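All remarks here apply to the structure that follows.
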Amino acid sequence: MFKAVIISKDEAGQHAALEEISKSKLPEGDVTVRVQCSTLNYKDALAITGKGPVVRKFPMIPGIDLAGIVEQSDHPEFRIGDNVVLNGWGVGEAHWGGFAEYARLKGDWLIPLEPAFSPEQAMSIGTAGYTAMLCVMALERHGIAPESGEILVTGAAGGVGSIAIAILARLGYTVVAMTGRSSTMAEYLQALGASRIIDRGNYGEHGKPLVKEQWAGAVDVVGGQVLANVCAAMKYRGVVAACGLAGGMSFPATVAPFILRGVTLAGIDSVMCPKAERIEAWQRLARHLDPAVLSSMTQSIALTDVFPASERLVAGAIRGRLIVPISSN
Ligand SMILES: NC(=O)c1ccc[n+]([C@@H]2O[C@H](COP(=O)([O-])OP(=O)(O)OC[C@H]3O[C@@H](n4cnc5c(N)ncnc54)[C@H](OP(=O)(O)O)[C@@H]3O)[C@@H](O)[C@H]2O)c1
């Protein structure tokens, strides 16, 4: 038997609870992993609270990320005792995920844990941090360099935003952090490396198709009207890496920034991202993320705490990252 968070659905709706289940119930896969640590991402919080249509099969163990040790493997790349990390691939949505003592997975989904990181540090990064790195890599791929100008990061005090600021600042970019919590988060965001903080204020309201050119690059986790207004304020040939929908799924923009300023909107998807790019992102995280900065943005919670923490995360009330240690040996 092992402990797991289980989301089930009946006539009364969706429920999430900590339960004990038999290892014989683990889904198909060629690698069994003893989970050492997981983490609470925005998507996990949507799944657990039922506030977003994340879960595609019931019952489901949520948790889109995990770090652990291989306990059994029929996959040629992995042996018993290997330290591995999993991010995405529909795990925690359509395949049982990381909020459990054990997971059975496809070996093709796993990557080796970067030697620079402990399982807890890898989960402190998690999908949020690996996505932040994918955003930075997209800006670079489209020619944005530190000398191009200021980079705006929206949803700055959240998981993706916090790690994006830390990486960009470490790489020498001038980072401007946009937050809805400027009165309480300014000191935190400056310590991560933001050169200045701006309040989200009326960025969420309908704006003009084009406004004064301000940003050479942007990492946007908010979507909706905020993303439209970010696009309208990009410098000529600026690049926006769009990865989130914390403020909404819509995109009420015009084509003006794209056809008059040559702005690029680069879409970022971490879930199905090819393995080679994931490995590159994790290797670069090991090089460019200061472990002290990472620990300053991370809090640890127990598996039993994921339920209230999910409510707070969806409400935008969590700062940085939440890890969920599961087994220590
Ligand atoms: N594309 C991908 O593969 C991928 C991967 C990871 C995450 N994501 C998405 O990226 C987004 C952020 O994820 P996360 O893990 O960073 O979540 P998070 O830790 O909850 O942070 C989200 C931040 O967005 C801001 N925010 C929250 N509600 C908002 C609202 N109604 N309007 C405007 N801003 C709001 C808040 O920033 P402030 O406190 O600074 O105001 C909040 O801290 C989510 O939508 C998530 O699904 C996508």
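Measuring nothing but alpha carbons in the chain and taking Rh as the Kirkwood radius, the Rg to Rh ratio lands at 0.98. If you bin all the Cα-Cα distances of region 109-229 at 10 Å, starting from zero, the percentages per bin are 13, 42, 33, 9, 2. In region 214-329, a dipole from Cβ-located charges (positive for Lys and Arg, negative for Asp and Glu) runs towards its positive end, and of 320, 298, 231 it is 231 whose Cα lies farthest in that direction. By how many degrees, 0 to 90 and rounded to 10, does the Cα axis of helix 275-288 deviate from the longest principal axis of the chain? The angle comes out at about 70 degrees.
A straight Cα-to-Cα reach below 25 Å connects residue 9 with the lysines 23, 25, 43, 51, 57, residues fewer than 8 places away in its own chain not being considered. If you run the Gaussian network model on the chain, springs between alpha carbon atoms under 10 Å, then out of 118, 24, 38 the most flexible one is 24.
Translational diffusion coefficient of region 160-291 (Stokes-Einstein, Kirkwood radius from Cα pairs, 4 °C, 1.567 mPa s): 83 µm²/s. A simple charge model with +1 on the Cβ of Lys and Arg, -1 on the Cβ of Asp and Glu and nothing else charged puts the dipole of the chain at about 680 debye relative to its Cα centre. Separation of region 69-109 from region 205-241 is 38 Å, based on Cα centroids. Take every DSSP beta bridge whose two residues both sit in the chain; close to 55 percent of them are antiparallel. The mean sequence separation of alpha-carbon pairs under 8 Å and at least six residues apart, normalised by the residue count of region 165-217, gives a relative contact order of 35 percent.
Between 273, 135, 243, the GNM of the chain built on Cα springs shorter than 10 angstrom shows 273 fluctuating the most. Where the only charges are on Cβ atoms (+1 Lys, Arg; -1 Asp, Glu), what is the dipole of region 111-248 about its Cα centre, to the nearest 20 debye? Dipole size: approximately 300 debye. Rounded to the nearest 20, the Cβ-based charge dipole of region 67-171 about its Cα centre (Lys and Arg +1, Asp and Glu -1) stands at 120 debye. Using bins of 10 Å that start at zero, the share of Cα-Cα pairs per bin across region 96-136 amounts to 23, 53, 24, 1, in whole %.
If the convex hull of the alpha-carbon atoms of region 27-185 is projected onto planes in all directions, what is the mean projected area in square nanometres?
10.9
Computed with every protein chain present, the accessible area of residue 181 is close to 60 Å² [probe 1.4 Å]. Once the Cα atoms are used to define both axes, helix 159-170 deviates from the longest principal axis of the chain by about 60 degrees.
The angle between the Cα long axis of helix 182-192 and the main principal axis of the chain comes to about 80°, on a 0 to 90 degree scale.
Suppose only helical runs count, i.e. DSSP H with n ≥ 4. What mean residue ellipticity at 222 nm does that imply for the chain under -39500 (n - 2.57) per run, divided by all residues and rounded to the nearest 500 deg cm²/dmol? Mind showing how you got there, number by number?
Numbers: 9 runs with 97 residues, N = 329.
So the calculated ellipticity at 222 nm is -9000 deg cm²/dmol.
The residue among 178, 62, 112 whose Cα reaches farthest toward the positive pole of the charge dipole of the chain, with charges on the beta-carbon of Lys, Arg, Asp and Glu, is 178.
The values are calculated or read from the model by the stated rules, or taken from the named source; none is laboratory data. Note that the coordinates shown come from a computational prediction; the quantities given were computed from them, not determined experimentally. Cβ: placed from backbone, ideal geometry, glycine included. Neighbour counts: every protein chain shown. Calculation scope for accessible area: heavy atoms of the full protein, side chains included, ligands and nucleic acids excluded. Shrake-Rupley method; radii C 1.70, N 1.55, O 1.52, S 1.80 Å.
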